[in-house]
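Colleague: Sharing a structure, written as structure tokens. Questions coming.
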């Protein structure tokens, strides 16, 4: 069900449990057991400036010294981050919750946007819309939809997500941990067609 070779963990302690079991777990790519080793941290850009921030950890399926691994890496991403995006899960949830409360997308994003521009909020919203059918299908497998207050399908999905994790501070992060899949699709690669 994973769209990437990324597993989601909530904190360092949960990663440490996975780390202790690495030699007993099959590689997500080649399914060979006993070849996974720790491979450092997963770094990303910080919200402000040129700083780097640790977003998770990497493992390597070793194909060295006669090991039968595939030589590919596997990531453990902290669930508070979105896959391949600078904006975090909490900020996305605040945008979705603001829209559910009746704010416009612009007003909802401006409440939580600093240091991001308005276009980032619109990009996140469009990614949420593109991913709507997959999110809805995943949620329906786990929980029947609650009684909806809105007729808008986007707002219904946000209500369903909120009902799935009623006491959560960030249902987007909890979704990623529970279903071990990215909440938003990976950003499409832009190809410069000017020559």
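Colleague: Just to be sure I understand the filter: pairs with C-beta atoms under 9 Å, separated by 6 or more residues or on different chains, first member in the stretch 130-141 and in contact (Cβ under 8 Å) with a residue 40 or more places away in the chain, second member part of a helix (DSSP H, G or I). Which pairs pass?
Modeller: 135/128; 135/157; 135/160; 135/161; 135/175; 138/175; 138/179
Colleague: Would you mind stating whether residue 38 is exposed (fewer than 15 other Cβ atoms within 10 Å of the Cβ), closer than 25 Å to residue 27 by Cα and not assigned by TED's automatic domain parsing to the domain that holds residue 110? Lay out the reasoning, then the answer.
Modeller: Details: exposed (fewer than 15 other Cβ atoms within 10 Å of the Cβ): yes; closer than 25 Å to residue 27 by Cα: yes; not assigned by TED's automatic domain parsing to the domain that holds residue 110: yes.
It is true that residue 38 is exposed (fewer than 15 other Cβ atoms within 10 Å of the Cβ), closer than 25 Å to residue 27 by Cα and not assigned by TED's automatic domain parsing to the domain that holds residue 110.
Colleague: Check whether at least one residue in the stretch 28-35 is at pLDDT below 90, in contact with a helix residue (DSSP H, G or I) (Cβ under 9 Å, 6 or more places away or on another chain), farther than 20 Å from residue 11 by Cα and not in a loop (DSSP other than H, G, I, E, B), and report yes or no. Give the derivation first.
Modeller: The initial filter retains those residues of the stretch 28-35 that are at pLDDT below 90, namely 28-35.
Checking which are in contact with a helix residue (DSSP H, G or I) (Cβ under 9 Å, 6 or more places away or on another chain) leaves us with 33-35.
Remaining after also requiring farther than 20 Å from residue 11 by Cα: 33-35.
Still in the running and not in a loop (DSSP other than H, G, I, E, B): 33.
Yes; the residues of the stretch 28-35 include at least one that is at pLDDT below 90, in contact with a helix residue (DSSP H, G or I) (Cβ under 9 Å, 6 or more places away or on another chain), farther than 20 Å from residue 11 by Cα and not in a loop (DSSP other than H, G, I, E, B).
Colleague: Select, from 121, 98, the only residue that is over 20 Å from residue 8 (Cβ atoms) and in contact (Cβ under 8 Å) with a residue 24 or more places away in the chain.
Modeller: Just one listed residue meets the conditions, 121.
Colleague: Residue under question is residue 161, and the condition is that it be assigned by TED's automatic domain parsing to the domain that holds residue 99 and under 17 Å from residue 103 (Cα atoms); does it hold? Spell out the reasoning first.
Modeller: Numbers: assigned by TED's automatic domain parsing to the domain that holds residue 99: yes; under 17 Å from residue 103 (Cα atoms): no.
No: the conditions fail for residue 161.
Colleague: A further question follows. Being under 22 Å from residue 6 (Cβ atoms) and assigned to a loop (DSSP other than H, G, I, E, B) is the requirement here; does residue 84 meet it? Show your work before the answer.
Modeller: Numbers: under 22 Å from residue 6 (Cβ atoms): yes; assigned to a loop (DSSP other than H, G, I, E, B): yes.
The answer is yes for residue 84.
Colleague: Return the total of residues in the stretch 41-82 being farther than 30 Å from residue 116 by Cβ and either out of contact with any helix residue (DSSP H, G or I) (no Cβ under 9 Å at 6 or more places or on another chain) or surrounded by fewer than 16 Cβ atoms within 10 Å (Cβ to Cβ) (or both). Reasoning before the result, please.
Modeller: Pass one, the stretch 41-82, residues farther than 30 Å from residue 116 by Cβ: 59-72.
So of that shortlist, the ones also either out of contact with any helix residue (DSSP H, G or I) (no Cβ under 9 Å at 6 or more places or on another chain) or surrounded by fewer than 16 Cβ atoms within 10 Å (Cβ to Cβ) (or both) come out as 60-72.
Residues that pass the stated criteria total 13.
Colleague: Moving to a separate point now. Let me confirm something: among 141, 123, 130, which residue is in the same structural domain as residue 165 (by TED's automatic domain parsing) and more than 24 Å from residue 85 (Cα to Cα)?
Modeller: Values: 123 fails: more than 24 Å from residue 85 (Cα to Cα); 130 fails: more than 24 Å from residue 85 (Cα to Cα).
None of the other options fit; the residue is 141.
Colleague: Could you check the stretch 49-67 and list, in sequence order, the residues that are more than 13 Å from residue 37 (Cα to Cα) and either out of contact with any strand residue (DSSP E or B) (no Cβ under 8 Å at 6 or more places or on another chain) or assigned to a loop (DSSP other than H, G, I, E, B) (or both)? Lay out the reasoning, then the answer.
Modeller: First, pick out the residues of the stretch 49-67 that are more than 13 Å from residue 37 (Cα to Cα): 49-56, 65-66.
Passing the criteria: 49, 50, 51, 65, 66.
Colleague: Which of the residues spanning the stretch 21-35 are surrounded by 11 or more Cβ atoms within 10 Å (Cβ to Cβ) and either touching a residue at least 60 places away in the same chain (Cβ under 8 Å) or on the phi < 0 side of the Ramachandran plot (or both)?
Modeller: Here is the first cut: in the stretch 21-35, the ones surrounded by 11 or more Cβ atoms within 10 Å (Cβ to Cβ) are 22, 25-30, 32-35.
Those that are surrounded by 11 or more Cβ atoms within 10 Å (Cβ to Cβ) and either touching a residue at least 60 places away in the same chain (Cβ under 8 Å) or on the phi < 0 side of the Ramachandran plot (or both): 22, 25, 26, 27, 28, 29, 30, 32, 33, 35.
The values are calculated or read from the model by the stated rules, or taken from the named source; none is laboratory data. This is a predicted model, so every value here is computed, not measured. Glycine also receives a Cβ, built like all others from the backbone with ideal geometry; neighbour counts cover every protein chain displayed.
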